[in-house]
1. Pairing the Cα long axis of helix 41-66 with the longest principal axis of the chain, what angle in degrees results, from 0 to 90 and rounded to the nearest 10?
2. When a/c reaches 1.5 or more, the comparison of a/b and b/c decides; with that in mind, is segment 1-78 rounded, prolate or oblate per its Cα gyration tensor?
3. Tell me the carbon and sulfur percent of the accessible area for the chain, rounded to whole percent, probe radius 1.4 Å.
4. Need the full-extension length gain, Ile13 to Lys36, defined as separation in residues times 0.36 nm minus the C-alpha distance. One decimal, nm.
5. For segment 68-140, what does the alpha-carbon gyration tensor say about shape, rounded, prolate or oblate, given a ≥ b ≥ c as the root eigenvalues, a/c under 1.5 as rounded, and a/b over b/c as prolate?
6. Given a 1.4 angstrom probe, what's the average accessible area per residue across the chain, in square angstrom?
7. Leaving out same-chain residues fewer than 8 places away, which lysines sit with a Cα under 22 Å from that of Lys41?
8. Can you tell me how much longer the chain between Asp46 and Arg2 gets when fully stretched, taken as 0.36 nm per residue apart minus their C-alpha distance, in nm with one decimal?
Amino acid sequence: MRPIFLQLGPISITWFLLFGVILTIVGYIILKIITKDNKYKKIIEDYYLLELIIGFIGARITYVLFHLGLYEDRLMDIIRINHYNLNLFGGILLATLTLFIVTKIKKEPFLEILNRLLVPFYFSMAIGIWVFEFEGILAKSSTSETLIYSLLFFIFLIIQSSLFERYKKIGLITLSSSILLYYLLMIIF
């Protein structure tokens, strides 16, 4: 496959952009469903967009920090962003830290908000990982490896979805566990 999903003259829509837009919308719908009867519904929905933006910024900043040598002589390349030069851990770390700080300042329930935000996150990761298959950039890896990553996030989606009402700290446990397992799998593969 190739990175471009659709080419309309000078406009190119990549698989990553297509998946990103669709999964953002579907994630928001999922969030609305799971917060339907929650007294913090509006607050959680507002944090959804904030977390997407902060996560993206954190993913980029972390990538740049880990690869400073690439930008030594080309500082303008720092703002040339694509999904090949983002860092998942950095995005999650900055988004979670920001959520923690803002909810503490506003005296809002961090864990309750995090628990609900993680459901669309795991859904998006379970589906979104397939963008690399569609773009063909995992040519050195197999479809079965992509399936394993997808299943990893799907399993955490099920755990998070079924336990977030009963266990206050489940979000912190699933988030740290899923990222640890994700990076362990990267080492293995």
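1. Tilt of helix 41-66: around 40 degrees.
2. oblate
3. 72 percent
4. 5.0 nm
5. oblate
6. Numbers: 11230 Å² over 189 residues.
Accessible area per residue, the chain: 59 Å².
7. Filter leaves Lys32, Lys104, Lys106, Lys107, Lys168, Lys169.
8. The span from Asp46 to Arg2 would gain 12.4 nm if fully extended.
The values are calculated or read from the model by the stated rules, or taken from the named source; none is laboratory data. The model shown is predicted, which means the values in this text are computed figures rather than measured ones. Every residue, glycine among them, receives a Cβ derived from its backbone with ideal geometry; neighbour counts consider all protein chains shown. Side chains are part of the model used for accessible areas, which takes the heavy atoms of the whole protein and leaves out ligands, DNA and RNA. Shrake-Rupley method; radii C 1.70, N 1.55, O 1.52, S 1.80 Å.
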